[in-house]
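Below: the structure, in structure tokens.
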Amino acid sequence: MNYLKQFPDKDGYFGKYGGAYVSEELLREMKKIESAYYSISKSHEFISELRSIRKHFQGRPTPVYFCKNLSNKTGGRIYLKREDLNHSGAHKLNHCMGEVLLAKYMGKKKVLAETGAGQHGVALATAAAYFGIECEIHMGEVDIAKQHPNVVRMKLLGANVIPVTSGQKTLKEAVDSAFEVYLKDPNNSLYCIGSVVGPHPFPMMVRDFQHIVGIEARDQFFEMTGEMPDAVTACVGGGSNAMGIFSGFISDEDIALFGVEPSGRSLQLGDHACSLTYGKEGVLHGMKTYLLTDEKGEPAPVYSIASGLDYPGSGPEHSMLKDTGRVTYVTANDKECLEAFFKLSRYEGIIPALESSHAVAFGMRYAKENPKKSILINLSGRGDKDIDFVVENYGIGDEYFNDL
Ligand SMILES: *Cc1c(COP(=O)(O)O)cnc(C)c1O
């Protein structure tokens, strides 16, 4: 059976992961969204409107690009799927346009969401502006300080940005805060989750809206090379860009899939966000999945140089794919991420997001170890949002180019 139809099952499970571990009140809303999604998203009208948006507003298809210079340095053949060229600079607009289009068909007046790096907030604010729908974004104070340009962008796009001051003041608390507000008026609003996480049906819907990345990449790679890639890789925060590209290749058992988690500044709890690599099964934000927890079983503090990756869990589908072994989960730390950031910038003229740089770091490692093979990296976003932070803290990376 077709993989996407097989998973999740009718109760929203990917194997034993996923589901909807929420209050009865919220479960009722999730069921409404699920049935609306099943009927609306299959309609000809919805499909053709989304297709037109992808082409004329988002600028899709984004290209697949061969990194000639970087490949020469590493050996192997490195290719990028250029989601950094998707309108608004990252893959997230793919699911936001889908979610807000669904909100429009459901007759909602407002969308709301959490954001970490600010990328989801910007993407949702962009989609809301396109559809003329009100938009409210909850964001941890720490992230607000770190991602100032994205906060300004959201405001320019007309969104209302709500600072969240509890706990670690990052993504996890922002999710809690946004859910709380949503439940006060679910009839007129739609909660738009920013990744393949949360209760069913969100991991499925977001994956389906990101599937376009995998469909395009598969055709483009074949057209360009006459073959399929040996490996495909993407960074994993919640896991949406990874599911987008993986879903295009998942039925080809001989194509290796690698999800890259951020191992941060050390492997001590609190210094990384490798929930699939070092976590264990638990429930967070309405889903059963691999989680990083402390001694008390509470979600652990997490860290990555890339704020879009610092989340203590990841999507339930990834948990299943880890257990079945269909996807191999690997790690890249801050240092490897920075090296990839500087090298892709200087060798190829492409400044990647710090999130995406984790996937580039693994791609370079794979290429060095497999000089005869090809690897396709999902370049999930562009690095403009990160350049001030990188240069202030790490300079411009001259030390990586002593061989020039
Ligand atoms: C948010 C973000 C990510 C992480 O989210 P996923 O759901 O894991 O894809 C990765 N890259 C960029 C550029 C992002 O903005």
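Computed log10 I(q)/I(0) for the stretch 222-316 at 0.17, 0.18, 0.21, 0.22 Å⁻¹: -0.74, -0.80, -0.98, -1.04, from the Debye equation with unit scatterers placed on every C-alpha and solvent omitted. The long axis of helix 202-225 is offset from the longest Cα principal axis of the chain by roughly 30 degrees. With both labels modelled 7 Å from their Cα along Cα-to-Cβ, the E369 to K110 distance reads 4.9 nm. In this structure, the amide hydrogen of V232, modeled 1.01 Å from its nitrogen in the peptide plane, lies closer than 5 angstrom to those of A256, L257, F258, L376, counting only residues at least 5 positions away or on a different chain. Rounded to the nearest 500, the helix-only mean residue ellipticity at 222 nm of the chain stands at -13500 deg cm²/dmol, with each DSSP H run of n ≥ 4 adding -39,500 (n - 2.57). Kirkwood radius for the stretch 168-300, taken over all pairs of different Cα atoms as the inverse mean of 1/r, rounds to 16.8 Å. Averaging the sequence gap over all C-alpha pairs within less than 8 Å and six or more residues apart, then dividing by the number of residues, gives the chain a relative contact order of 20 percent. Restricting the calculation to Cα atoms, the stretch 132-212 yields a radius of gyration followed by a Dmax of 13.4, 36 Å. Counting 0.36 nm for each residue step from K42 to L156 and taking away their Cα separation leaves a gain of 37.7 nm.
From the Kirkwood radius over Cα pairs of the stretch 61-125, Stokes-Einstein at 4 °C and 1.567 mPa s returns a whole-number translational diffusion coefficient of 93 µm²/s.
Within the stretch 114-146, which residues have the backbone N less than 15 Å from the label spot 7 Å out from S52 along Cα→beta-carbon, could you tell me? Label zone hits: 131. Each part reduced to its alpha carbon centroid, the stretch 29-93 and the stretch 167-200 end up 23 Å apart. Rounded to the nearest 10 square angstrom, S48 shows an accessible area of 50 square angstrom against a 1.4 Å probe. Listed by chain and number, the lysines whose C-alpha is less than 19 Å from the C-alpha of K10, apart from same-chain residues fewer than 8 away, are K31, K32, K42, K288. With R₀ set to 25 Å, the beta-carbon distance separating S35 from E134 gives a calculated FRET efficiency near 0.55. Taking 18 Å as the straight-line reach from the Cα of K184, the aspartates and glutamates in range (excluding those fewer than 8 positions away in the same chain) are E24, E25, E29, E114, E134, E136, E173, D176.
Could you pull out every one of the aspartates and glutamates with an alpha carbon less than 16 Å from that of K343, ignoring same-chain neighbours closer than 8 positions? K343 reaches D334, E355, D384, D386, D398, E399, D403. Entry comment: accessible area of the chain is 39 Å² per residue, from protein heavy atoms only and a probe of 1.4 Å. A quarter of the convex hull surface defined by the alpha-carbon atoms of the stretch 58-207 gives 10.4 nm² as the mean projection.
Under the simplified labelling scheme, the K68-E295 pair shows an inter-label distance of 5.8 nm, with each label point 7 Å from Cα along Cα→Cβ. Here the accessible area is traced with a 1.4 Å probe on the protein chains. For the chain, carbon and sulfur cover 51 percent of it.
Mean silhouette area of the chain, derived from the convex hull of its C-alpha atoms and averaged over all directions, reads 18.2 nm². Normalised size of the stretch 266-378, defined as Cα radius of gyration per 2.2 N^0.38 Å with N residues, equals 1.15.
Each part reduced to its alpha carbon centroid, the stretch 308-363 and the stretch 201-221 end up 18 Å apart. Sequence-ordered 3J(HN,Hα) estimates for the stretch 356-367 from the Karplus curve with 6.51, -1.76 and 1.60 and θ = phi - 60° stand at 4, 4, 5, 5, 4, 4, 5, x, 5, 4, 4, 4 Hz, glycine and proline given as x. With 0.36 nm allotted per residue and the present C-alpha distance subtracted, the N187-K335 stretch has 48.7 nm of extension available.
The values are calculated or read from the model by the stated rules, or taken from the named source; none is laboratory data. Given the structure is predicted, the values throughout are model-derived calculations rather than measurements. Please note: Cβ atoms are built from the backbone with ideal geometry, for glycine as well, and neighbour counts cover all protein chains shown. Only protein heavy atoms, including side chains, enter the accessible area calculation; ligands, DNA and RNA are left aside. Shrake-Rupley method; radii C 1.70, N 1.55, O 1.52, S 1.80 Å.
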